[in-house]
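Data first, discussion second: the structure below is written as structure tokens.
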Amino acid sequence: MDTKPTTSTASILDFLNRFIAALGITAAVSVEESADGPRLNLTGDEAELLVRHRGEPLKALQHVVDMAFSRSLPDDTRVFVDALEYRKGKDIELRHMAKFLAEKAKQTGLDQQLGPLNPYERRLVHMAVAEVPGVTTESIGDAFSKTVLISLRK
């Protein structure tokens with residue numbers, strides 16, 4: 001569901017198009033509005049460059065976009081930068097794993113761990129596990145990347 005970009009999204013779209021040109025690759029950027037915020041997905045054969053090395057270049061681009069544009073966005077709005085829907089697939093995979101481990105914690109009574117995860121990934125896990133009655137989550141660790149502990153609700 002591609003939509004017309006909002007004013008704040010338009011400046012990010014312009015930045016991504018200039019970024020693509022600076023890399024010297026051919027790619028297109030589509031915008032999809034989601035409940036969490038706009039998703040900007042780079043497509044085209046050469047967009048694969050961003051998903052190499054377990055998506056590290058894409059994570060770096062997301063960080064740059066967050067740092068450059070977060071102040072210009074309305075409160076609680078997050079922009080998601082993706083390439084070839086790589087992150088979308090990883091997000092779905094992470095949600096499934098979180099629910100699987102939540103069910104395992106319910107059945108066995110044993111705590112389950114998932115991580116290390118960045119803040120965005122932890123949020124996905126907390127939200128997915130919240131849909132499973134009888135279990136709870138807790139982030140543990142004191143670094144940027146933390147582990148999520150899934151346990152029976154007491």
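For the reader, a short list of remarks on this structure follows.
- Residues of the range 37-66 classified as in contact with a Ser or Thr (Cβ under 7 Å, 6 or more places away or on another chain) and closer than 15 Å to residue 118 by Cα, total: 0
- When every residue of the range 74-81 is checked against the conditions, none turns out to be of a type in the set (Asp, Glu) and outside the structural domain of residue 19 (by TED's automatic domain parsing).
- Number of positions in the range 120-148 that are surrounded by 12 or more Cβ atoms within 10 Å (Cβ to Cβ) and either in the same structural domain as residue 78 (by TED's automatic domain parsing) or at positive phi (or both): 1
- The range 98-130, subset in a loop (DSSP other than H, G, I, E, B) and over 28 Å from residue 66 (Cα atoms), residue nearest to the chain's Cα centre (by Cα): 111
- Residue 14 fulfils the conditions (1) assigned by TED's automatic domain parsing to the domain that holds residue 126; (2) part of a helix (DSSP H, G or I) except for a single criterion, (1).
- Condition check for residue 117: surrounded by 15 or more Cβ atoms within 10 Å (Cβ to Cβ), in contact with a helix residue (DSSP H, G or I) (Cβ under 9 Å, 6 or more places away or on another chain) and within 21 Å of residue 76 (Cα to Cα): yes
- Verdict on residue 40 being assigned by TED's automatic domain parsing to the domain that holds residue 141, of a type in the set (A, V, I, L, M, F, W, C) and under 14 Å from the mean Cα position of the chain (by Cα): no
- The set of residues in the range 50-70 that are surrounded by fewer than 16 Cβ atoms within 10 Å (Cβ to Cβ), over 13 Å from the mean Cα position of the chain (by Cα) and closer than 21 Å to residue 89 by Cβ comprises 52, 53, 54, 57.
- Residues (at pLDDT 95 or above and buried (at least 16 other Cβ atoms within 10 Å of the Cβ)) located in the range 87-102: 94, 95, 98, 99, 101, 102
- Residue in the range 74-86 that is of a type in the set (Asp, Glu), outside any helix (DSSP H, G or I) and surrounded by 19 or more Cβ atoms within 10 Å (Cβ to Cβ) present: yes
Residues are listed down the side, and each one gets a yes or a no for (1) in contact with a helix residue (DSSP H, G or I) (Cβ under 8 Å, 6 or more places away or on another chain); (2) modelled with pLDDT of 90 or more; (3) assigned to a helix (DSSP H, G or I):
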position	(1), (2), (3)
4	no, no, no
20	no, yes, yes
33	no, no, no
39	yes, yes, no
42	yes, yes, no
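- Residue pairs whose Cβ atoms lie under 9 Å apart, separated by 6 or more positions or on different chains, with the first residue in the range 24-46 and touching a residue at least 60 places away in the same chain (Cβ under 8 Å) and the second buried (at least 19 other Cβ atoms within 10 Å of the Cβ), do not occur.
The values are calculated or read from the model by the stated rules, or taken from the named source; none is laboratory data. Only a predicted model underlies this, so the values are computations on that prediction, with no experimental measurement involved. Counting neighbours? That spans all protein chains shown, and the Cβs are built from the backbone with ideal geometry, glycine included.
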